[in-house]
1. Just rank C:ILE36, B:ILE204, fewest to most, by other beta-carbon atoms within 10 angstrom.
2. Under 10 °C and 1.306 mPa s, how fast does the stretch A:2-246 diffuse according to Stokes-Einstein, given a Kirkwood radius computed over C-alpha pairs? Answer in µm²/s, whole number.
3. Would you mind ranking A:TYR101, C:TYR199, B:TYR53 so that the residue whose beta carbon has the fewest other beta carbons within 10 Å leads the list?
4. Would you mind telling me which residue in C:VAL198, C:VAL33, C:VAL107 has the biggest mean-square fluctuation in a Gaussian network model of chain C, where springs connect alpha carbons within a distance under 10 angstrom?
5. Sort out for me the Cα centre separation of the stretch C:1-59 from the stretch C:178-198, rounded to whole Å.
6. Per residue of chain B, what 222 nm ellipticity follows from adding -39500 (n - 2.57) for every DSSP H run with n ≥ 4, rounded to the nearest 500?
7. Would you look at the GNM of chain B, springs on alpha carbons closer than 10 Å, and say which of B:PHE65, B:PHE207, B:PHE131 moves the most?
8. Full extension from A:HIS81 to A:GLU40: what is 0.36 nm times the residue separation minus their Cα-Cα distance, to one decimal in nm?
Amino acid sequence: MMRKIAYSKIQKEPLGIRVEGLSKSFGAASVLRCFDLTLERGKRLVVFGRNGSGKTTLLKLLSTRYRPDNGEIWINGNSTHLEPDAIRRSIGVVLHDPMLYEDMTCKENLRFFGNMFDLDDLSDRISDVLGKVNLVSQKDQKARDLSHGMQKRLSIARALLHDPDVLLLDEPESGLDKQMLDDVGPFLFKSTRGNRTIVMATHNSEIGLKWADEVAFLSKGTIVYRASRVDMDEGRFHDIFLEQLESAP
Amino acid sequence: MREFIRPIFVIAWKDIMLELRTKDIMVSALIFALMVIVIFNFALNITPATVEYLAPGILWLAFAFAGVLAMGRAFIAEGDKGSLDGLLLCPVSRDAIFFGKMISMFIFMVVIESLVLPIFVVLFNFDSISFNLIGIIFLGTLGFATVGTLFSAIAFNLRSREIMLPLLFFPVVTPIIIGVVEASSGVITDTVNIIGIGRWVGLIVVFDAIFLVVCPWAFGVAMEE
Amino acid sequence: MRFLFLLVVFILLSINVFLIFMWAPTEVHMGHVQRIFYIHVPSAWIAFLAFGIVFFGSIQYLRTREQKWDNLASASAELGVVFTTLVLITGPIWAKPVWGIWWTWDVRLTTTLVLWLIYVSYLMVRSYSGNHYQGSRYSAILGIIGVINLPLVYFAVNWWNSQHQRLVLGVGSTESGLHPDMKTTLYFSLLAFSSLFVYLLWFRVSLKRTEDMVRQNVPLDMDN
């Protein structure tokens with residue numbers, strides 16, 4: 001009952017992502033403890049943090065892949081607990097692994113996932129996203145034969161296929177060169193309905209600052225610094241960046 | 001209803017298409033099943049006089065071993081590039097994913113069995129194939145595929161999964177192995193009355209029914225990290 | 001507290017040994033070898049109790065995801081395997097001199113053997129899983145399936161036996177018509193074994209809790 005009431009209250013707010021009291025541990029190892037986060041609809045949050053700081057765990061929790069021990073997550077007013085399928089439909093996810101079938105071609109991979117999402121106009125959508133990530137000429141190649149970067153691009157295409165309102169990106173820049181990122185970036189930011197809400201985890205300050213509306217540093221499962229890109233003190237940011245990411249653990 | 005059924009067939013069709021392309025599962029499992037039969041021939045000295053008596057055991061061991069080999073591969077295609085994560089991020093129920101994988105597993109096993117059975121008939125002049133026997137094979141394979149899909153999903157995430165899958169699988173399917181061997185033997189030798197056979201078929205059906213409920217649930221739990 | 005408990009267990013077991021070997025009368029037909037019965041039967045009883053606790057702990061763990069339930073289930077599974085092994089060893093030792101065979105595919109023995117295999121794989125799943133957390137979940141599934149499967153295994157083996165007219169030896173059928181002193185010894189042995197089991201379970205669960213605390217202080221990289 002409590003959940004239902006809280007849920008209907010949240011729905012009226014213009015929040016893209018809202019996380020309350022989130023805890024996740026793996027056996028005895030606690031990764032996130034009483035974690036709170038809010039992100040306005042249409043904003044892009046870039047989360048910096050060292051390996052093991054909980055970035056991937058956070059993204060997997062937001063994407064319904066992990067089940068929280070405690071706490072609630074709402075994405076566009078849907079609770080991961082109550083409406084996981086509605087959330088899965090509204091998010092696009094890019095993780096470390098490209099999540100592809102190696103023995104299927106680019107087109108077949110996209111067609112399979114498109115069918116799983118029960119999308120209409122699938123052929124148009126597929127040629128559209130393949131164009132966005134510049135894989136049109138590789139469309140009939142098996143995923144196995146693609147380079148690491150191309151697999152990453154195909155993975156991004158898969159995440160964009162159902163035109164989600166929310167994107168969850170885990171180091172999307174790995175394997176992609178600067179030119180490619182600049183080309184793909186704009187397609188990530190906007191859906192057909194407006195600006196996408198994006199949570200992105202990265203080590204890379206250059207691409208992170210370029211894409212961010214807001215930045216946050218995650219350390220040992222808590223946010224140690226958060227600022228909007230506009231009011232952010234660059235000097236302070238770089239100090240924290242050095243402290244959090246570049247000093248030896 | 002359509003929302004539930006549709007992804008099942010999308011997944012099963014994807015598996016079948018991948019299998020037709022790579023033939024990873026079928027060829028190795030089929031050859032393995034034939035090898036089991038050949039080895040049993042030498043180990044047990046199968047003659048026309050004894051074939052009716054030995055056939056159920058040999059056939060089901062061949063099916064079970066080939067099945068375990070095939071199951072071991074069922075989730076490997078899902079794992080190479082993290083595609084299992086991709087599958088789990090689709091807006092479909094976990095049960096649908098389980099049944100999709102289970103149906104493709106069931107079809108692979110039925111195809112292997114329908115190739116092994118005629119070869120067995122030819123090799124041993126075995127002429128006791130009947131619709132009843134095929135029905136029993138069908139029911140037994142359903143139970144195998146159900147339990148096998150769950151354990152191959154679990155074993156997939158374990159170290160030394162090749163050895164863990166049979167260790168998990170065989171003790172749990174003990175009742176069904178006893179059931180199918182006894183029922184097949186009753187049908188083939190035609191010595192046990194219909195009630196005797198019906199009891200075994202009943203056991204297999206109960207096993208299938210229980211695990212068709214338990215395994216999708218357990219799959220959901222296993223995949224929910 | 002623990003020392004006191006251990007002392008009680010020790011005393012009970014010592015009395016038990018005395019009762020079994022000195023006090024209980026020698027069985028007329030089987031002779032001294034029948035005394036293994038006082039170890040065989042309580043072990044079997046404890047084994048089934050242990051697997052019942054595994055079942056309960058597994059359900060509770062999957063419901064709540066609290067580590068304590070997993071600790072209880074896995075500690076109980078370890079002990080269950082140990083006591084089942086004891087059953088499987090004492091059974092043949094008892095059977096050979098009495099019936100002239102080490103083993104018969106009797107329904108109780110066979111079901112116990114299958115159960116042993118299931119719970120050995122339960123323990124293996126834990127040690128072969130990628131991380132501790134995953135192993136807990138997978139083994140809890142197995143702990144539940146093992147118990148659900150038990151009646152199916154029992155019926156299958158039972159019918160299989162009757163179909164093949166195998167020698168059915170009532171391994172426990174001597175219970176009826178026991179000398180009163182034998183009954184007393186058996187019940188005392190059950191008590192002594194139960195106290196040993198409870199002590200070991202308690203000890204193992206607290207050890208696991210310590211392991212968890214140690215693990216908690218070691219940063220685990222769950223990201224990759």
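Here, each number is a calculation from the coordinates, and none is a lab measurement. Keep in mind it's a predicted model, so treat the numbers as computed, not measured. Neighbour counts are summed over all protein chains in view; Cβ atoms, including those assigned to glycine, are modelled from backbone coordinates with ideal geometry.
1. Working: C:ILE36 19, B:ILE204 24.
Fewest-to-most Cβ neighbours within 10 Å comes out as C:ILE36, B:ILE204.
2. Working: Rh = 18.6 Å.
Approximately 85 µm²/s, per Stokes-Einstein.
3. Values: A:TYR101 24, C:TYR199 17, B:TYR53 13.
In increasing order of surrounding Cβ atoms, one gets B:TYR53, C:TYR199, A:TYR101.
4. It is C:VAL33.
5. 6 Å
6. Numbers: 10 runs with 191 residues, N = 225.
That calculation yields -29000 deg cm²/dmol at 222 nm.
7. B:PHE131
8. Working: separation 41, 0.36 × 41 = 14.76 nm, distance 2.03 nm.
Difference between extended and current length: 12.7 nm.
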